[in-house]
């Protein structure tokens, strides 16, 4: 299948990214400063990709959290539109030395356009304190890498784990960072609980919305132009991921990713 071929191509390129980053000067002893709640490995959760406007299913998706041989966790999420765009995001998560929380070791995002051409790879190596973007297929632009300043709070892939203190009521707002290959920069971001839906007893949901924090003047002006990220969780089991809204990579279409068995319209039901 085409999508399996695309994912295989991503794996072939990853050692080259690691080799390139290994040759770049980094910060000695650098690590992510994120403190993510501990999570059990749950295997693979089937999901679907939906058009945000029509609410029609347009492709498959999957979210998985599996245990690696070194006892770290591998978080993977895939989403595709049939015969069109696709994305694979991955992150390795390790425990802090005292076991209190998780932090990412590396993060990767690789997307493809409707012709199956790579839009490029986003790679973050937290230990090397470097972030890298490669050009899309057929583009002549060189790879661009930047140093990650400390504290390192980049949470592109495990973003939903940053939100769990909101669901427990521990915090009213959480702050983190987002690395974007559009402009090759690290941007501050924040998230709050946006709404609670009461559409059914089975799927009463909490919606968390995040946005890039460009300051009090630019953030409201840029809100209509920036991608929108929303995550939905089950009220009865707040750590249970239900779905999220995201673009399929830089320049890709915005879609809804919804766990199998949950009616997509539940995500936008009245409060």
- Message: Based on this model, can you work out whether residue 207 counts as under 28 Å from residue 268 (Cα atoms), over 17 Å from the mean Cα position of the chain (by Cα) and at pLDDT 90 or above?
- Response: no
- Tell me which residues, restricted to the range 228-252, are out of contact with any helix residue (DSSP H, G or I) (no Cβ under 8 Å at 6 or more places or on another chain), surrounded by fewer than 21 Cβ atoms within 10 Å (Cβ to Cβ) and at pLDDT below 75. 228, 250, 251
- Selection from the range 151-191 of residues that are touching a helix residue (DSSP H, G or I) at 6+ places or on another chain (Cβ under 7 Å) and surrounded by fewer than 17 Cβ atoms within 10 Å (Cβ to Cβ): 171
- Per the filter on the range 26-49, residues within 17 Å of the chain's Cα centre (by Cα) and either outside any loop (DSSP other than H, G, I, E, B) or more than 20 Å from residue 93 (Cβ to Cβ) (or both) are 36, 44, 45, 46, 47, 48, 49
- Taking the condition in a strand (DSSP E or B) and surrounded by fewer than 22 Cβ atoms within 10 Å (Cβ to Cβ), does residue 146 pass? yes
- Among the residues of the range 73-106, count how many are free of Cβ contacts under 8 Å to residues at least 60 places away in the same chain, assigned to a strand (DSSP E or B) and farther than 21 Å from residue 255 by Cα. 6
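Any residue at all in the range 168-178 that's in contact (Cβ under 8 Å) with a residue 60 or more places away in the chain, over 25 Å from residue 37 (Cα atoms), in a strand (DSSP E or B) and touching a strand residue (DSSP E or B) at 6+ places or on another chain (Cβ under 8 Å)?
No, the range 168-178 contains no residue that is in contact (Cβ under 8 Å) with a residue 60 or more places away in the chain, over 25 Å from residue 37 (Cα atoms), in a strand (DSSP E or B) and touching a strand residue (DSSP E or B) at 6+ places or on another chain (Cβ under 8 Å).
The values are calculated or read from the model by the stated rules, or taken from the named source; none is laboratory data. These numbers come from a predicted model, not from an experiment. Every residue, glycine among them, receives a Cβ derived from its backbone with ideal geometry; neighbour counts consider all protein chains shown.
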